[in-house]
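Structure first, commentary second.
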Amino acid sequence: MNSEGTILWLSGWGIDDDVFNPQREQLRSRLPAWRHKATLYYDAKAPEQMYAYVKEAVYACRKASGGPPLLAGWSLGGLLALRVAGELGADGLILLGTTARFVRPRGESELGWPEAYLRQMCSALKHDRAKTERRFRKTLFTPRELERGLEGLLPTAGRWPDQAMLAGLELLRHEDHRLLLPGITCPVLVVHGLDDTVCPFGAAKELHKSLPRGSLLVVEDCGHIPFLGRETETADAIRSWWDER
């Protein structure tokens, strides 16, 4: 394994990349030779444009360092990371609160959301964006996390334009990377909250089972953002995982 390289960060739906800043600071002290890059797809008008931005960033990292980056994707960013890793390869993957397929049939609530929920979100977003964002942000946390004030650690809402918000929902509705998983042979660390109601924990178990070199870190009493407020523990886990592999 390389002792240095680039970590390319991919954020979740509607959330500014700044959400990763505390995590990156913790990692800089543990993996000081690694560079950190962000991929911003906030002005994307369609899901394929989001992928295009990520691929462009991967090519730039390869050109700069001579090798593929390690992709760190949270939620929607994890879906992007899986597809890019399947197509272009990666030095490794860190999947934070990620699923290979967000939309699931109603009988599979332990794995994801019914498509009707996302259609409702599209309509609600057009009608009252601010209310829709507030409601969604509440779902990211467990009641105990809300009591601890973790919601206040999120970047301010509103960075993503409306078109990018809708494009992200379309991506979540249609992407299915389950068939890609057996062919992703790089090391993968799956970090997932046990009480995640956005990407339920069953999705993490599915990833762990299907990825040839997958490792699973279970974060107890945790919702959809397994690193927020837990940056020290997460950085230690990433360092240990990387050293072991």
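The values are calculated or read from the model by the stated rules, or taken from the named source; none is laboratory data. Everything numeric here is computed off the predicted structure, so don't read it as measured data. We place every Cβ from the backbone using ideal geometry, glycine too, and count neighbours over all the protein chains shown. Just so you know, the surface numbers come from the protein's heavy atoms only, side chains and all, with ligands and any DNA or RNA stripped out. Shrake-Rupley method; radii C 1.70, N 1.55, O 1.52, S 1.80 Å.
Just the residues that are over 18 Å from the mean Cα position of the chain (by Cα), open to solvent by less than 30 Å² (accessible area, probe 1.4 Å) and of a type outside the set (A, V, I, L, M, F, W, C), please, taken from the range 44-67. Gly67, the sole residue that qualifies.
Specify the residue that is nearest to Lys63 (Cα to Cα); the eligible residues are those in the range 13-43 that are open to solvent by less than 20 Å² (accessible area, probe 1.4 Å) and acidic (Asp, Glu). Per the stated criteria, the residue is Asp17. In the range 227-241, the residue that is nearest to Val188 (Cα to Cα) out of those that are of a type in the set (Asp, Glu) and open to solvent by 30 Å² or more (accessible area, probe 1.4 Å) is Asp236. Under 7 Å between Cβ atoms, which residue pairs at least 6 apart in sequence (or on different chains) link something in the range 140-157 that is within 17 Å of Asn21 (Cβ to Cβ) with a partner that is of a type in the set (Phe, Trp, Tyr)? Listed pairs, sorted by first residue: Leu150/Phe141; Glu151/Phe141. Filtering the range 1-56 to residues that are farther than 18 Å from Leu95 by Cα, among the polar types (S, T, N, Q) and part of a helix (DSSP H, G or I) leaves Ser29, Gln49. Six or more apart or on different chains, Cβ atoms under 7 Å: show the pairs whose first residue is in the range 52-72 and within 17 Å of Leu171 (Cβ to Cβ) and whose second is assigned to a helix (DSSP H, G or I) and at pLDDT 95 or above. Within 7 Å, the pairs are Val54/Leu80; Val54/Val84; Lys55/Val84; Leu71/Ala81; Leu71/Val84; Leu71/Ala85. Evaluate the following for Glu87: is it closer than 18 Å to Ser210 by Cβ, assigned to a helix (DSSP H, G or I), of a type in the set (Asp, Glu) and open to solvent by 50 Å² or more (accessible area, probe 1.4 Å)? In short, yes. Condition test on Leu171, is it of a type in the set (A, V, I, L, M), open to solvent by less than 10 Å² (accessible area, probe 1.4 Å) and assigned to a helix (DSSP H, G or I)? Considered against the rule, which asks whether it is of a type in the set (A, V, I, L, M), open to solvent by less than 10 Å² (accessible area, probe 1.4 Å) and assigned to a helix (DSSP H, G or I), Leu171 comes out as yes. Only residues that are open to solvent by 20 Å² or more (accessible area, probe 1.4 Å) and in contact with a Ser or Thr (Cβ under 9 Å, 6 or more places away or on another chain) were counted in the range 68-84, giving 1.
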